[in-house]
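Trainee: Encoded as structure tokens, here's the structure I'll be asking about.
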Amino acid sequence: MNQVVRWIGLAGLLIWCLDAAAQDPVYSQFYMAPLQLNPAFAGNTHAPKFSMNYRNQWPSLDRAYRTYSASYDQFFKSINSGLGASLLSDDAGNGLIRTTKISGFYSYRLQITRELFAKFGVEAAFVQSAYNWDKFIFPDQIDPVTGPVSPGGSPWPTDETVPADIRNQYLDVGFGLLVFNAQWYGGISVEHINRPSQSLISGYENFADGLPIRISAHAGGEFGLFHQAGWMDRVFISPQIMVSKQGPFNQLLGGTFFGFDPFFLGTWIRITSQNPDAAIVSVGMRTGILKLAYSYDLTISKLGVGTGGTHEIGLMINLDKLYPEESKYIDCFQMFR
């Protein structure tokens, strides 16, 4: 009976991974990976900025979901525009589904009034997804007593036929908008506007509708707690909120940062359309051109504490710090640099 329960659990994880293929990976530390949130964030610094991110979701469930990404972007005064590029790798089900995404970004900044600005951004990406067929477990492989493995340690055979090609490649397009001044911002991004096909196995029509469009709305502010010269940039509070929808999946992420140079601390709550999902604590520090952050998501949904939570690490290299005369901004995006 224990073996049966175990394999039922593995089947549940497989179903979850297939559902996850219809959703985009979203970082809790979205401020450490702004290009993944909105392409209009491209070009937030005059000098090159590099970001590297790692997310390990529910590690107790056999490393269920891991995401890696790296990006570059900067602003070019000569064309009043930001340019960027990113590489993202997503691993669902410990190698069951692997997705690689290479993106290019462009943004244009528009001054509306003396203190109000807008940025428009676009993203064009090449995506490749694939299944690892050897990790599939089919119903005809599961023995009621021993599960999918024989007493001798070998997997039971299956009558299923391996498809000729279980990869999928497609182009993906998104756009975004930001409106901001020195203290607050608001933005919206729309991903997968071309609804690319997400079918990994040709001939399966249940994915014919394409990848669901993801719509994200986000807003935040940055307010200095001291107004003496030099202190406004060093001690501040920064409330943030993000709401996103992709197909039937919805989530709300809200919280606040407190910054006291060189450290910052944040607390968050994430709520899905079904129930509260996670309580999040993040800590970080800046030193010179480096910014390092760590966050932990405590699972508070029906999955319980057995998931192992979620760990995220973000590293940012901002070369603006080497050019103080170029690194003075009149916006509220300090947490994104």
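Trainee: Could you say whether any residue in segment 121-129 is closer than 25 Å to H46 by Cβ, surrounded by 16 or more Cβ atoms within 10 Å (Cβ to Cβ) and in contact with a Phe, Trp or Tyr (Cβ under 6 Å, 6 or more places away or on another chain)?
Mentor: Looking through segment 121-129, at least one residue is closer than 25 Å to H46 by Cβ, surrounded by 16 or more Cβ atoms within 10 Å (Cβ to Cβ) and in contact with a Phe, Trp or Tyr (Cβ under 6 Å, 6 or more places away or on another chain).
Trainee: Can you pull out the residues in segment 38-47 that are modelled with pLDDT of 95 or more and more than 10 Å from G82 (Cβ to Cβ)?
Mentor: Scanning segment 38-47 gives a single hit, N38.
Trainee: Continuing with the same structure: Identify all residues within segment 82-126 that are in a strand (DSSP E or B), among the aliphatic types (A, V, I, L, M) and at pLDDT below 95; write none if there are none. If you could, list the steps in order and put the result at the bottom.
Mentor: Here is the first cut: in segment 82-126, the residues in a strand (DSSP E or B) are 82-92, 97-111, 117-126.
Filter again for among the aliphatic types (A, V, I, L, M), leaving 83, 85, 87-88, 92, 97, 102, 110, 118, 122, 124-125.
Result: A92, I97.
Trainee: Taking segment 280-329 as the search range and keeping residues that are farther than 21 Å from P262 by Cβ and in contact with an Asp or Glu (Cβ under 6 Å, 6 or more places away or on another chain), which one is surrounded by the fewest Cβ atoms within 10 Å (Cβ to Cβ)?
Mentor: S301
Trainee: Please give the number of the condition D233 fails out of (1) in a strand (DSSP E or B); (2) of a type in the set (D, E); (3) at pLDDT below 95.
Mentor: Here D233 clears every test but (1).
Trainee: Still on this structure, I have one more. If you take the residues of segment 231-266 that are among the β-branched types (V, I, T) and over 23 Å from D24 (Cα atoms), which of them is nearest to the chain's Cα centre (by Cα)? First the steps, then the outcome.
Mentor: Just the residues of segment 231-266 that are among the β-branched types (V, I, T), to begin with: 235, 237, 241, 243, 256.
Checking the rest, the ones that are also over 23 Å from D24 (Cα atoms) come to 235, 237, 256.
Working: V235: 27, I237: 23, T256: 19 Å.
The qualifying residue nearest to the chain's Cα centre (by Cα) is T256.
The values are calculated or read from the model by the stated rules, or taken from the named source; none is laboratory data. As the structure is a computational prediction, the values presented were derived from the model and not from experiment. Note: ideal-geometry Cβ built from the backbone for every residue, glycine included; neighbour counts use all protein chains shown.
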